[in-house]
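Values quoted throughout were computed directly from the atomic coordinates according to the rules given, and no laboratory measurement underlies them. As the structure is a computational prediction, the values presented were derived from the model and not from experiment. Glycine gets a Cβ as well: all are built from the backbone with ideal geometry, and neighbour counts include every protein chain shown.
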Amino acid sequence: MTATIEYTGRLRCVLTHALSGVQILTDAPPDNHGKGEAFSPTDLCAASLAACMLTVMGIRVRERGISIDGARAEVTKVMAADPRRIARVEIRIFMPSHPYSAADKALFEHIAHTCPVALSLHPDIEQSVVFVWQDSDDT
């Protein structure tokens, strides 16, 4: 078992991670009858894409002695209607100042597009990924 989910009423759920017991609240978004006081399930889906990209990048480059500590991502989820669904996920990945080689950068971009979540999402969901490189000689 991965998780348990309890519907607590008022369009909210409590998700409990089975292994750690860590909990996440979800709430329906304001544009779909909710209060938007927590991640919506579709927010989590979009955010999970970026988290997967960063996690797999960290795993792959750790083996090479390269750090991505301080890397961060901004995620924008675009919804479509009829049927209501995620149409597009826009991700901007900000990489920390480090003398990454051209090969490192190519590897990061490959990982971003082939991480498990990216490969699991329906092909109709457009994934736009932009890397912002903070070159080590920037001031």
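What to note about this one:
- Number of the condition not met by Thr114 [criteria: (1) closer than 18 Å to Gln134 by Cβ; (2) surrounded by fewer than 12 Cβ atoms within 10 Å (Cβ to Cβ); (3) hydroxyl-bearing (Ser, Thr, Tyr)]: (1)
- Taking the criterion of being within 21 Å of Arg62 (Cβ to Cβ), charged (D, E, K, R) and either in contact with a helix residue (DSSP H, G or I) (Cβ under 9 Å, 6 or more places away or on another chain) or surrounded by 15 or more Cβ atoms within 10 Å (Cβ to Cβ) (or both), the only residue of segment 80-108 that qualifies is Asp104.
- Total residues in segment 4-16, condition outside any loop (DSSP other than H, G, I, E, B) and either charged (D, E, K, R) or loosely packed, with under 13 Cβ neighbours inside 10 Å (or both): 7
- Taken over segment 93-139, the criterion of being out of contact with any Lys or Arg (no Cβ under 9 Å at 6 or more places or on another chain) and under 30 Å from Asp31 (Cβ atoms) is satisfied by Ala112, His113, Cys115, Pro116, Val117, Ala118, Leu119, Ser120, Leu121, Pro123.
- Considering (1) free of Cβ contacts under 8 Å to residues at least 60 places away in the same chain; (2) within 17 Å of Val129 (Cα to Cα), the lone condition that Gln23 does not fulfil carries the number (2).
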